Amino acid sequence: MKVLILLLLSPLVFSASIEKHEDMHFDSIPSESKSRFAMLDDVRILANGLLQLGHGLKDFVHKTKGQINEIFQKLNLFDKSFYDLSEQTNEIREKEEELKEKTSKLQENNEELKNLSSKIYTQIENLLQDKVQLQDKIVRLEEKLNQITEGHQEVQDHKEVAALKQYVEQQDTDIKRLLKVVADQNVQLDYQNSQIKDLEDKIGNASVVESKKRSPGIHKLDDQINPSNSTNPVQDPNDLPRDCSDIYNQGERQSGSYTIRPNNSEAFSAYCEFTTDSAWTLIQRRTDGSVEFNQTWEDYTRGFGDLAGEFWLGLKKIFSLSQQADYILHIELQDWKGNQRFVEYLFTLGGQETSYTLQLSQVLGNIPSALPEYTPLPFSTSDHHSQHLKCPAESSSGGWWKSSCGGTNLNGKYSKPKSRVKGERRRGQGLTWKPEKGRMYSLRSTKMMLYRTELENFE
């Protein structure tokens, strides 16, 4: 306030001093007026400093406002991220509840199927008992027939024998039908158990990887059998087992190469893989690319490779196996991350005149099927295609059952997946499994094998 008063009074003082001493020259101004001018200069300097300070404060206020705005923007982003995270958490919880409900329903269905199977088995046991009783009656009736032929009984007993035989045949038919129902129920139970297991794995974020051990050894795949390369001892060709199931039933439990002879075919070597409760006859194996699978039609018909490593058993031999009994085709797949999956089919296989056409029906698996069901699939190689199928050379490497070019091929050229360049398309390279809906799987190893069903034991 004092400075302001001085600023207001200083012009008056300055004016008065000029009027009083207007006759004097500037050189004769007294020292008191000089001190007043010095005070005015100090005031101006002080005012200039205050002005600069005001500008500095104004800049500081603008910067502070900018920083506050940035903080508010970050807070808004954080609120949005937190909201999105909450939405995702709610969705995950809803999906988890859905999976739990599905698991509960599948478990209920599983229990119902088990109860139904138990009832069917009870009925089968009753029918078998009836069958035994009927067989006893047949024996007695045969004795009566002998007596009839000797003239000790009347001719009217023939009608009773015919009626009983017809009844026995009807009972046999019912038993076979029930056995088929039981087999279908068991397949359904296995499928339900697989679904339950997959759902439980999703809920717990855990995956179970099953691995099977393979016995070492080197056995070459040849058209003619060399007994020294086979695990089972030399024996009469007519007494050789039909497949690995027969070898398992003989008490063998060591996986390896054995000599088998399916019905109406020549004997040959095959690789048998045994578990604690089953036996599998391998027809294909890929592990490391050590065997070239881009072979001719003749090679695929005859077979090639090493039974202890990579091999293709041969279409002719696979056909001879499929014609002697009912088999399940089991396919095991492993990707480059070590994940293992499998799929199983009921199948029929045509002969050479049909290009060994394959027809499938899936019964089990934990990966989507990549082979069309109920569709005839002729076998094709680079030098042998069906009339409607003409594929370019790059998509026809290795022989496989195909209805179109590209897609699934477990006998393709073995190659590791390469890093994909932007804009570059890599299709059909390596061992591939391509479901109709879904992505294509690049595989590190594959294994195809046959398991003989035991329904013929009940006939």
Residue count, the range 242-254 (criterion: within 22 Å of ASP306 (Cβ to Cβ) and touching a helix residue (DSSP H, G or I) at 6+ places or on another chain (Cβ under 9 Å)): 2
Candidate set from the range 354-369 (those that are open to solvent by 50 Å² or more (accessible area, probe 1.4 Å) and either part of a strand (DSSP E or B) or hydrophobic (A, V, I, L, M, F, W, C) (or both)); member that is modelled with the highest pLDDT: GLN359
Would you mind stating whether GLY428 is at pLDDT below 65, touching an Asp or Glu at 6+ places or on another chain (Cβ under 9 Å) and surrounded by 15 or more Cβ atoms within 10 Å (Cβ to Cβ)? yes
Could you please let me know if GLU70 is acidic (Asp, Glu), surrounded by fewer than 11 Cβ atoms within 10 Å (Cβ to Cβ), within 31 Å of the chain's Cα centre (by Cα) and more than 27 Å from GLU169 (Cβ to Cβ)? no
Looking for something aromatic (Phe, Trp, Tyr), within 22 Å of GLY398 (Cα to Cα) and part of a loop (DSSP other than H, G, I, E, B) - is there at least one such residue anywhere in the range 337-350? no
Scan the range 324-345 residue by residue and report those that are buried (at least 17 other Cβ atoms within 10 Å of the Cβ), of a type in the set (Phe, Trp, Tyr) and in contact (Cβ under 8 Å) with a residue 40 or more places away in the chain. TYR327
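The values are calculated or read from the model by the stated rules, or taken from the named source; none is laboratory data. None of these values were measured; they are calculated from a predicted model. Every residue, glycine as well, gets a Cβ built from its backbone with ideal geometry; the counts of neighbours run over all protein chains shown. Side chains included, ligands, DNA and RNA excluded: accessible areas come from the protein's heavy atoms. Shrake-Rupley method; radii C 1.70, N 1.55, O 1.52, S 1.80 Å.
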